[in-house]
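Taking it in order: structure first as structure tokens, then the write-up.
The values are calculated or read from the model by the stated rules, or taken from the named source; none is laboratory data. Computed from a predicted structure; not experimentally measured. Using ideal geometry, Cβ is built from the backbone for each residue, glycine included, and neighbour counts are taken over all protein chains shown.
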Amino acid sequence: MGEALAPSPPVSLGDPHGGHRSGPKIHQSLCDTSHMTTKLDLDPDLLEWALEVSGEKTEQAAVTRALEEFVVRREQAGLIELFGQLEWDPDCDYKIEGSRG
């Protein structure tokens, strides 16, 4: 059989505000900037790949971006489940309703 892989060293994520360039800032809108430092045992190859494809400069920023994008995708998937389940009012003129405000 194959060789057993050695455990990878824990990665400290620290403050997720550091190193951001762009993208969703969900964590900033949902909190008042207090964050916890977390140690995670991450696959170093996967972390390097995430860093590479994200374009972020730090591992912390790459992991934060990945988590943000994961949450957004899961929320979008929940909305997709609603397709075909909502009742529409055939008498509603969405152009008129949308212009009110």
Report task. Scan region 33-44 and give yes if some residue there is loosely packed, with under 13 Cβ neighbours inside 10 Å, assigned to a helix (DSSP H, G or I) and at pLDDT 95 or above, otherwise no. Result -> yes
**Report entry** Subset of region 50-99 (residues that are of a type in the set (S, T, N, Q), surrounded by 10 or more Cβ atoms within 10 Å (Cβ to Cβ) and in a helix (DSSP H, G or I))
**Finding:** Ser54, Gln60, Thr64
Report summary line: Note: among Leu5, Leu47, just one is at pLDDT 95 or above and either surrounded by 14 or more Cβ atoms within 10 Å (Cβ to Cβ) or not in a helix (DSSP H, G or I) (or both), namely Leu47
Query - Contacts under 6 angstrom Cβ, first residue in region 68-82 being among the aromatic types (Phe, Trp, Tyr), partner at pLDDT 95 or above, 6 or more apart - result: none
